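Chemist: I'd like to ask some things about the structure below.
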4 protein chains.
Amino acid sequence: MDKPQDKKWRTKLHEIIYEADTPAGKLFDVVLLIVILASILLVMLESVKSIDSKYHSILNISEWIITILFSIEYIARIITVRKPFKYIFSFYGIIDLLSTIPKYISLFFGGIHALAALRALRLLRIFRILKLARYLGASLRLLSALRSSRAKISVFLFTVVIIAIILGTIMYLVEGEENGFTNIPKSVYWCIVTLTTVGFGDIAPQTPLGQFIASLVMILGYGIIAVPTGIVSAEYTSQSKKDKKEEDKVKPPLHLNTQVCENCSTENHRDDAEFCYHCGHKLNDE
Amino acid sequence: MDKPQDKKWRTKLHEIIYEADTPAGKLFDVVLLIVILASILLVMLESVKSIDSKYHSILNISEWIITILFSIEYIARIITVRKPFKYIFSFYGIIDLLSTIPKYISLFFGGIHALAALRALRLLRIFRILKLARYLGASLRLLSALRSSRAKISVFLFTVVIIAIILGTIMYLVEGEENGFTNIPKSVYWCIVTLTTVGFGDIAPQTPLGQFIASLVMILGYGIIAVPTGIVSAEYTSQSKKDKKEEDKVKPPLHLNTQVCENCSTENHRDDAEFCYHCGHKLNDE
Amino acid sequence: MDKPQDKKWRTKLHEIIYEADTPAGKLFDVVLLIVILASILLVMLESVKSIDSKYHSILNISEWIITILFSIEYIARIITVRKPFKYIFSFYGIIDLLSTIPKYISLFFGGIHALAALRALRLLRIFRILKLARYLGASLRLLSALRSSRAKISVFLFTVVIIAIILGTIMYLVEGEENGFTNIPKSVYWCIVTLTTVGFGDIAPQTPLGQFIASLVMILGYGIIAVPTGIVSAEYTSQSKKDKKEEDKVKPPLHLNTQVCENCSTENHRDDAEFCYHCGHKLNDE
Amino acid sequence: MDKPQDKKWRTKLHEIIYEADTPAGKLFDVVLLIVILASILLVMLESVKSIDSKYHSILNISEWIITILFSIEYIARIITVRKPFKYIFSFYGIIDLLSTIPKYISLFFGGIHALAALRALRLLRIFRILKLARYLGASLRLLSALRSSRAKISVFLFTVVIIAIILGTIMYLVEGEENGFTNIPKSVYWCIVTLTTVGFGDIAPQTPLGQFIASLVMILGYGIIAVPTGIVSAEYTSQSKKDKKEEDKVKPPLHLNTQVCENCSTENHRDDAEFCYHCGHKLNDE
């Protein structure tokens, strides 16, 4: 279907956009990172009334520039990938679309308030660029420590929620509506605010009994804050040891790069891979 | 007393209700879990004035449905267990009864406010279903880490309370009634709020000296929050090591199941057990 | 000077009051603990206006009973000890006196407000009784973990204070008097409130720049809360290991008892000691 | 250029001012520390309106005394160092100048408010004196633990900021301007206040949905507070082990002193060094 020359061009663009192993690919990621951060700053500034009324036209133009840049990038991503529909309906494909369209929609329907939210989703795009970070041993170990203690943290959070519901109901009965504990959900909310040691103070117990129970809740919260910390700490320590043991082994560590298969978008190929380990497609190894 | 056929039926029901090793038993637990969570949601929604006034009849009917379901379950539990009185006066037996009766009582005495509290106790029933969780190594280890550091956490909490009382009295003298520290118990309450880093702000020191002492209290609190965390963390680390050592031993770990003795309600029998290890009653091992 | 019979009686009383190895000595400590806790409760209740006005006479009588009990104990302590002046001017001797006299002073000068503070010092007496706790390995290890990380925690707290002063001054300049940051000490106070994640909310930044700096302060506080926890945790872990190694050694641990030398009040003698290791006085070993 | 006798005098003064190995050098540092702390206290007291109006002249005189002392020290530092310009434009050289000039400027321009900030920078001078602290093994290990976990803490803080921005935007949409979430930056600020468990309470969610999301934010914050603690704790533990291993090695540790090269201001020379390891200048070893 495509001429070989054309394919060559598409392959090169694919490498720049989707990968970060070549200088051009790295530059693309850095530029994209800056544009995303600028777009987030823009969304924030626009929400500030005093700034928006003063610099409305500048903000509007900047938003259009970013929207056009994102549009070009979006189209380039669709063109260069082998299976465009797979990309379009992937997680990042949808995020990319949602990051781009709000301004176009506002053309037809005016500035709908909730569109700001869609634009904030642009932040999620950062994680794609930060795939680089995955190759830092540090964050990898951190993630695996979190993952392996996920089950325990869930059990812990579940217990916290149960405690909050029971104590919240008790506080609702003790303090009553006249002291701000107007209903059980609000009491449970207060209980979570207190257990997590946030303590807004918008609702606070007024009766002596309520304050006594609140004291118990706080000391309890103080005591159980130790649990997730202890878990992650221990898990992380054991992870470090495991890592060190593995490092001691003679086998050289397998290095994975950021190359993305043109055909199936699978990532993390070995440096010496010539074919995609997932679909068998020939990887372009210039 | 019972015909053998009838006994067979009762035995089967006992297995479904009290145990979680068969598909039917697991299904029963999952359904019960959903009903309990629904009942808690109902208690919460009912306490919200605006929702209650709008959907009063729906909430009322839902509450009746849940009450009837709980009644059926309660009766089934009494019928299938060998020693009904032992069940009725057990911790979970009482919780089950208290979860069921509030709606019946309200028939005779009208909607007494405090009955909502009784219904919130239904949450405690969750722990029975979650006996499954006990078989997850993770939570087991977490529990044993907490248990073995219980003594130290008690010493720690005791020290916190003493510090709170002494500093609370000092703050009462320094700030006085005109700044919200109306009496010593309230001052101690403030001190606990501050030491645990909750900080509601409903009471806050106003005098320079009071703010200086408050600063010391906060830095102290910041310093001693490290203690329980350090304890649990160290304890948990040593637990992990012990576990690993035990895993390294050749003996296969003893697997306990959720079977409950029909006669004495003892739980956690070995998979190969044929008789209850507590009362010697024959276990039904289909 | 004393008749042998009389000395026998004094020696016995000394053992009951100062030590906790005999049943009578333990009973004395438990009773004293209850009286101290009751006296603290009394001080607290007296400060609550509504309770004091209602039950003034009951509280007054109870206070007199406790004062008389403390007086008897104080005199008994002076009589039974060999060197009364050493006891009187020791830390606990002064605490004991201050715990006893407020009520007598109030006879002559009326109910002076600040005397309540003196009475709160009674709480410190608890630590004497809790010398028992010292023999629990748990708290010993906890204390030694804290002691060995004392230097590091000091360095850490010093850094926190410097950060608080610099950031407090900046916030004073940024927010100014109109937003509650009326002077630098108050700004530093706010900074400590924020760094320690207490967050009363009585003073809160209002300007965008102030809120931005506050965000940095909070994230900084979030980051450095990890430091003392990490220190204690690591120290405690290494303590545990050291302890285990020492336990593994064959030598039986030296057991120290709560016996107190009649002559020089030195504590912690070996179980097989016949003479005080400090002054050489013969210990009474019934 | 200089006579040998004069050089001798300058060398001696250099040793006193810049180093802390001789008694005179230590005394100089202690006096300087006291003067700096006094100057900071002065800056603080001056900002308190009521104190300033009462004791204005005393504060003014004290400030002049400190300014003159700092001026003398600043000149002495310039004279004794070989390359004065290198010192003047070094970090501490600028801090020293900024600590000295505010009072002189106020002579010409009157008491400018913002000059107080410059004076607060004097605190930074403490770190120079505390170079002594660097020689405490404890703080060294603490610093190296922090340094080696710097990368991970950055990744962590970055994640916290992203979470805060996304959740802040959601809260802005949910709560809206009428509940205090007037714009996205303010919402993000609230989110950081909540995630870090500070919880001022100046802005608090009012709608049920907002409170539900806030609960999630708080529990999330509660969960992730464990991460930096776990990191530092694990890092610190492994640091301790490494240190112990190094201590076990036979080689005596290399002792570095506080001597500063007269020529290039390089610090931390070996005790047996005769020439600066950086510029080769002869060190004066009396």
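Chemist: With every protein chain left in place and a probe of 1.4 Å, what is the accessible surface of C:TRP9, to the nearest 10 Å²?
Modeler: The value for C:TRP9 is about 140 Å².
Chemist: If the limit is 32 Å between Cα atoms, which of A:LYS49/D:LYS103; C:LYS152/D:LYS54; D:LYS12/D:LYS103 go over it?
Modeler: Numbers: A:LYS49/D:LYS103 41 Å; C:LYS152/D:LYS54 40 Å; D:LYS12/D:LYS103 30 Å.
Beyond 32 Å between Cα atoms: A:LYS49/D:LYS103; C:LYS152/D:LYS54.
Chemist: Sort D:56-62, C:35-41 by packing, meaning the average of other beta carbons within 10 Å per residue, with the highest value first.
Modeler: Numbers: D:56-62: 13.0, C:35-41: 17.4.
So the order, starting with the most tightly packed, is C:35-41, D:56-62.
Chemist: Take A:ILE79 and D:ILE72, extend 7 Å from each Cα along the Cα→Cβ direction, and tell me the distance between the two endpoints in nm.
Modeler: So the label points at A:ILE79 and D:ILE72 sit 7.6 nm apart.
Chemist: Ok, one more. Please report, as a whole percent, how much of the solvent-accessible surface of region C:4-131 comes from carbon and sulfur atoms (probe radius 1.4 Å). Let's see the in-between values first.
Modeler: On the way: 5250 of 6870 Å².
Whole-percent figure for carbon plus sulfur exposure: 76.
Chemist: Relative to the Cα centre, what is the charge dipole magnitude of region D:4-131, using +1 at the beta carbon of each Lys and Arg, -1 at the beta carbon of each Asp and Glu, and rounding to the nearest 20 debye?
Modeler: Working: 17 positive and 10 negative charges, 74 e Å.
Dipole about the Cα centre, nearest 20: 360 debye.
Chemist: Can you give the relative contact order of region A:4-131 as a percent, counting alpha carbon pairs under 8 Å and 6+ residues apart?
Modeler: Working: 92 pairs, mean separation 34.1, N = 128.
That works out to 27 percent.
Chemist: While we're here: How many partner chain Cβ atoms sit within 10 Å of a residue's Cβ in peptide A:185-191, on average, as a whole number?
Modeler: Values: counts 10, 5, 2, 4, 8, 3, 1.
Mean shielding count: 5.
Chemist: While we're looking at this one, here's another question. List the residues of region D:206-231 for which accessible area in the full set of protein chains is at least 50 Å² lower than for the chain on its own; 1.4 Å probe, protein heavy atoms only.
Modeler: D:GLN211, D:MET218, D:ILE219, D:TYR222, D:ILE225, D:ALA226, D:VAL227, D:THR229
Chemist: Sorted from shortest, what are the nm distances separating the label point of A:ILE68 from equivalent points in the other copies, each placed 7 Å from Cα along Cα to C-beta?
Modeler: So the distances to the same position in the other copies read 6.8, 6.8, 9.6 nm.
Chemist: Sticking with this one: Count the net charge of all other residues whose Cβ sits under 13 Å from the Cβ of B:ILE88, scoring Lys and Arg as +1 and Asp and Glu as -1.
Modeler: Values: positive: B:ARG77, B:ARG82, B:LYS83, B:LYS86; negative: B:ASP96.
Charge balance in the 13 Å sphere: +3.
Chemist: Something else about it: Where does the charge balance sit around A:SER39 when Lys and Arg score +1, Asp and Glu -1, over other residues with C-beta under 14 Å from its C-beta? Show your work: numbers first, answer last.
Modeler: On the way: positive: A:LYS103, A:ARG119, A:ARG122, A:ARG125; negative: A:GLU46, A:GLU63, A:GLU73, A:ASP96.
Once all neighbours under 14 Å are counted, the net charge is 0.
Chemist: If we hang a label 7 Å off Cα along the beta carbon direction at C:LEU97, how far is it from the matching labels on the other copies, in nm, shortest first?
Modeler: In ascending order, 6.1, 6.1, 8.6 nm.
Chemist: Also: Could you provide, to the nearest whole Å², the per residue accessible area of region D:4-131 with probe 1.4 Å? Walk me through the intermediate numbers first.
Modeler: Details: 6870 Å² over 128 residues.
So region D:4-131 comes to 54 Å² accessible per residue, rounded to a whole number.
Chemist: Sort shortest first the distances from B:THR207 to its counterpart in every other copy, using label points 7 Å along the Cα-to-beta-carbon line, and give them in nm.
Modeler: Spelled out, the distances from B:THR207's label point are 3.2, 3.2, 4.6 nm.
Chemist: I need the peptides C:193-201, A:212-220 ranked by packing, meaning the mean over residues of other C-beta atoms within 10 angstrom, with the highest value on top. List each step's numbers first, then the result.
Modeler: Numbers: C:193-201: 28.4, A:212-220: 19.4.
In decreasing order of mean packing, C:193-201, A:212-220 become C:193-201, A:212-220.
Chemist: Between chains D and A, what is the buried accessible area summed over both chains (1.4 Å probe, protein heavy atoms, nearest 100 Å²)? Could the numbers behind the result be given before it?
Modeler: Values: alone 17980 and 18000 Å², together 32210 Å².
Result for this pair: about 3800 Å² buried.
Chemist: May I pose another question? Can you give me the three principal axis dimensions of region A:4-131 from its C-alpha atoms, in Å, biggest first?
Modeler: 53, 29, 24
Chemist: Using the crude model of +1 on Lys and Arg Cβ and -1 on Asp and Glu Cβ, and no other charge, please compute the dipole size for region C:37-89 relative to its Cα centre, in debye to 20. Before the final figure, lay out the partial values.
Modeler: Values: 6 positive and 4 negative charges, 73 e Å.
Charge dipole, region C:37-89, about its Cα centre: 360 debye, nearest 20.
The values are calculated or read from the model by the stated rules, or taken from the named source; none is laboratory data. None of these values were measured; they are calculated from a predicted model. Ideal geometry is used to build each Cβ from the backbone, glycine not excepted, and the neighbour counts take in all protein chains shown. The protein model used for the area step is the full one, side chains on, heavy atoms only, and it has no ligands, DNA or RNA in it. Shrake-Rupley method; radii C 1.70, N 1.55, O 1.52, S 1.80 Å.
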